[in-house]
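Each value in this text was obtained by applying a stated rule to the coordinates, not by laboratory testing. Computed from a predicted structure; not experimentally measured. Cβ sites come from the backbone with ideal geometry, for glycine too, and all protein chains shown count toward neighbours.
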Amino acid sequence: MKKEKIIIFDTTLRDGEQSPGARLNIKEKVEIARQLAKLKVDAIEAGFPISSEGDFQAVNQIAKTVKGPVIAGLARILKKDIDRCWEAVRPAKRPRIHTFVGTSPLHRDYILRKSAKAVLKMAVEAVKIARGYTEDVEFSAMDATRTELDYLCEILEKTIEAGATTLNIPDTVGYALPEEFGELIKNICEKVPNIGKAVISVHCHNDLGLSTANSLSAVIHGARQVECTINGLGERAGNVSLEETVMILKTRKDFFRKYTTQINTKEIHKTSHLVSHLTGVPIQPNKAIVGENAFAHSSGIHQDGILKQRKTFEIMTPASIGLKESKMVLTSRSGRHALSHRLEELGYKLKAKELARAYKEFEKLADKKKEIFDEDLEAIVQDDISAIPETFHLEYIHTSSGSQTVPTATIRMKKEGKIVEDAACGDGPVDAAYKTIDRITGVKGKLLDYSLRAVTGGKDALGEVTVKIKEGKEVFIGRGTSTDIIEASAKAYLNAINKLVRKRRTKG
Ligand code: KIV
Ligand code: ZN
């Protein structure tokens, strides 16, 4: 069966950039456009050239430098907008002018203050001006879903006559329901006599969370272009997200067997992260396809299922969106199977008895912490932490530091039953504490790694420090927790030193 191509028109740089807080500079816009070209979108709406000098420059730069997709600019149905838009997009190999007007009674009466007849005349004129510049002209009937059907069909017919090659049907306020929107597209196909001369496009906003369902319902009923954004960015609740639209068509090809897109889905993850990073708009963790948790498994039953057969709890592979692997989040709900799997990935092959002990330790720790990280597992495997006889025990620590003082630490420790006290200076309070510990213990391991994490939330968060020290070929991991991060740091270092000392003794 010959598949019909669904044109993916990306408006991240225009509608997406209208999101509060998502401002991008020209360089960033060009970087995103380049990535969109790698993703193989069919068209990039690069901006709204008349809206500002910066927008003009960005569209113009993208038109000059980004190869592959059609480069479109937005313009109201005003000659000055269309002229400016053309100036910006004309260097592109395939430039498009996208002109729009609000067609619903609300827009005509309150925003434009013009009659339906006058709006229609202006729209037709605008399309003709745009066609004077390029053969690729898109016309959008803004707020189409709240426009009288007969009037909408009339304006579509007349703008096709005037030369529009793509007709966009926006659900500007995200009001439509999937059945209704599909029906609207079907009606347009039946009632607009020359509709065969143009591509029907849809542009759905997500105010009621229905933008994806609406766009796909439109596809089923005849739309062949979907306007979307990366991560669903856009005005208010955003636009339909590119990754959802494309991955639904791919994953449910049993249902959408007639359709295809040219998107290189392996670039989805990278594109999504680039857009989030440059706009500063975070991706919600449970966002479909690209959220941090979209390929993460936390429950023991799910983890066990995934390890036995991925398809039990995954309908897409992480690789299909360019992600290396699914994530197993180790928590108190994780089972032995997930633990041993992760340990094996870290290079530890445990015997049944060792695994049973490690799992007990894991359960104890998981009761205290939300998530168990790789360093925690390494510490569990390396030693039964709770059973380490403490050669050195921290009794007291005092540090002083500041911009005008030399950081110093005073530490009191119990060393095999005896109290010892010392002090040292360092580059900072942690360094001073570590130097003091070295003086008291007489042990100096090479510090390989130091990491600090908040174990609990809020102002009184418990800080957890993990350190790795090395003596010869051996690495010792130490951990310490406290509401005071200097104390947590000292405890972690001392914990590693106690392990090192014990190892020396067992070696004899
Ligand atoms: O939402 C909308 O109607 C738009 C148009 C400019 C296409 O963004
Ligand atoms: Zn929009």
**Asked** Under 18 Å Cα-Cα from residue 414, which aspartates and glutamates qualify once same-chain neighbours fewer than 8 residues away are excluded?
**Response** 390, 395, 422, 438, 487
**Request:** Beyond 24 Å between alpha-carbons counts as too far, so tell me which of 2/128; 473/507; 368/468; 415/446; 435/491 fall in that bin.
**Result:** 2/128
**Prompt:** Helix 429-441: angle to the longest alpha-carbon principal axis of the chain, degrees 0 to 90, nearest 10?
**Reply:** 30
**Message:** What number do you get for segment 296-372 when its Cα radius of gyration is normalised by 2.2 N^0.38 Å, N = residues?
**Reply:** 1.14
**Message:** For segment 119-202, place one equal point scatterer on every Cα, skip the solvent, and apply the Debye formula. What is log10 of I(q)/I(0) at q = 0.17, 0.26 Å⁻¹?
**Reply:** -0.62, -1.34
**Item:** Contact order normalised by residue count of the chain, Cα under 8 Å, 6+ apart, percent
**Value:** 9
**Message:** With only alpha-carbon atoms in the gyration tensor, what are the semi-axes of the equivalent ellipsoid for segment 227-340, in Å, largest first?
**Reply:** 27, 19, 11
**Complete:** Loop-resident trypsin sites (Lys or Arg not before Pro) in segment 402-488 with no more than 15 other Cβ atoms inside 10 Å, DSSP not H/G/I/E/B, are 444, 459, 473
**Complete:** Measuring from the longest principal axis of the C-alpha atoms of the chain, the long axis of helix 53-65 (C-alpha) lies at a number of degrees, nearest 10, equal to 90
**Request:** Determine, from the Cβ-Cβ distance of residue 412 and residue 504 and an R0 of 22 Å, the FRET efficiency 1/(1 + (r/R0)^6), rounded to the nearest 0.05.
**Result:** 0.40
**Message:** Give the average over all directions of the projected area of the C-alpha convex hull of segment 4-279, one decimal, in nm².
**Reply:** 12.6
**Prompt:** With each pseudo-label sitting 7 Å past Cα toward Cβ, what's the residue 161-residue 186 distance in nm, one decimal?
**Reply:** 2.8
**Request:** Filter the trypsin sites (Lys or Arg not before Pro) in segment 270-355 down to the DSSP loop ones having no more than 13 other Cβ atoms within 10 Å, then list what survives.
**Result:** 324, 349, 351
**Prompt:** If we count GluC sites (Glu not before Pro) as exposed when they sit in a DSSP loop and have at most 14 other beta carbons within 10 Å, what is the longest stretch of the chain that avoids them all?
**Reply:** 149-291
**Asked** Hey, can you rank 97-108, 488-499 by average C-beta count inside 10 Å, highest first?
**Response** 488-499, 97-108
**Long pairs among 3/79; 349/369; 93/324; 29/121; 64/324; 353/418, criterion Cα-Cα beyond 29 Å** = 3/79; 93/324; 29/121; 64/324; 353/418
**Item:** Exposure proxy order (Cβ contacts within 10 Å, fewest to most) of 205, 297, 221
**Value:** 221, 297, 205
**Message:** Sort 283, 220, 477 by Cβ crowding within 10 Å, fewest neighbours at the top.
**Reply:** 220, 283, 477
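Give me the Kirkwood hydrodynamic radius of the chain, using the inverse of the mean 1/r over all pairs of distinct Cα atoms, in Å to one decimal. Before the final figure, lay out the partial values.
Details: mean 1/r = 0.0372 Å⁻¹.
Result for the chain stands at 26.9 Å.
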**Item:** Relative contact order of segment 296-372, pairs being alpha-carbon contacts under 8 Å that are 6 or more residues apart, as %
**Value:** 34
